[in-house]
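Below is one structure, written out as structure tokens; comments come after it.
Since every read-out is calculated from the coordinates, none of them should be taken as a lab result. These figures come from a predicted structure and were not determined experimentally. Positions of Cβ are backbone-derived with ideal geometry, glycine not excepted, and every protein chain shown enters the neighbour counts.
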């Protein structure tokens, strides 16, 4: 195999052509070659979820995927969740619920939550827990993170809650509900 490989990917809506070392992970290329440092480097063995990105709509631990495997793919990083109009409803919900404590795990949590909501627009609490199961939070802010995802699920595209137009704490669903294993595959 060659020492370097030319790849073309669409990252956050922008086509990027880059000559990458053949052995570099997608995480390394996103951070070092493309300057997208929102995707965090942490465990490097797929245990923590801090490096979660979407590759063709599927959540992936970027530390476990070689960049050359992403050739021709569409990739969304945490930087791609916001729009020119501002933060996405999901990002706004994380702010409003105080879900970001130290903030290190938040990019991966946000991307995993985005994958979940794309698959299950109105998840139960159990589905949120399952969808975020591959993301660890050392600050133990899980309750606020789950609340944020549930709040975002209640938010329409204009950034208002579907029921009242005002922000509110979501109703907690039945914790005993059986989660769907295909909600947000890691």
So, with points 7 Å from each Cα along the Cβ direction, the residue 10-residue 69 label distance in nm works out to 2.2
Subtracting the Cα-Cα distance from 0.36 nm times the residue separation, let me have the gained length for residue 32 to residue 133 in nm, one decimal.
33.6 nm
Each label sits 7 Å from Cα toward the beta-carbon; between residue 3 and residue 44 the label points are separated, in nm, by 2.1
With label points built 7 Å along Cα→Cβ from the Cα atoms of residue 142 and residue 58, find their separation and express it in nm.
2.6
Give me the number: length gained by fully extending residue 19 to residue 118, i.e. 0.36 nm times residue separation minus the C-alpha to C-alpha distance, one decimal in nm.
32.5 nm
